[in-house]
Structures are given as C-alpha cells and as structure tokens.
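The values are calculated or read from the model by the stated rules, or taken from the named source; none is laboratory data. Note that the structure is predicted; figures quoted are calculated from it, not measured. A quick note on method: Cβ atoms are made from the backbone with ideal geometry, for glycine too, and the neighbour counts reach across all protein chains shown. Please note that ligands, DNA and RNA were not included when accessible areas were found on the heavy atoms of the full protein model with its side chains. Shrake-Rupley method; radii C 1.70, N 1.55, O 1.52, S 1.80 Å.
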Amino acid sequence: MDYKQLINERGIKQQFLADKLGISKTMMSLFLSGKKNLSPEKISMLNKLLNVKEE
C-alpha cells in the first residue's frame with residue numbers, strides 16, 4: 001500500500017499521524033520513504049486512522 005500517496009491525497013499531516021501513533025515525525029517520514037518499517041501494531045493503528053482495510 002502506498003501510504004505516502006494516500007496521506008497526501010487526504011491532506012493529512014505527517015505530524016498528526018506521528019503523534020497519534022506515538023512516534024516521531026522523523027520516523028514517520030522514514031517509514032513513508034521506505035527506509036524504516038513500523039511494527040505490525042503501528043501499521044494496524046495507521047490503517048484505522050486512515051480508514052483502510054488491513055492487507
């Protein structure tokens with residue numbers, strides 16, 4: 001799933017999502033650029049925040 005595109009299309013700020021997930025904005029940026037992975041729990045939380053179905 002292209003989270004970066006989805007977030008941009010919805011106009012959601014990375015900082016908002018990072019705060020909700022309990023991670024830094026830097027970590028969020030690294031995840032969206034494919035340089036770091038998030039835990040399955042954080043991915044599940046992100047999917048719920050973005051209202052997308054689990055893959």
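The figures follow:
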read-out: Inter-label distance, nm, simple model (7 Å from Cα along the C-beta direction), K36/K4; value: 1.5 nm
read-out: Accessible carbon and sulfur surface of the chain relative to its total accessible area, %, 1.4 Å; value: 49 percent
read-out: Kyte-Doolittle at least 1.6, axis length at least 24 Å by Cα - qualifying DSSP helices, the chain; value: none
read-out: Solvent exposure, largest accessible area first (probe 1.4 Å, DNA, RNA and ligands not counted), of M45, M27, M1; value: M1, M45, M27
read-out: Cα Rg over Rh - the chain, Kirkwood; value: 0.90
read-out: Loop-resident sites, segment 1-45, for trypsin sites (Lys or Arg not before Pro), counting at most 12 other Cβ within 10 Å (DSSP); value: K13, K35
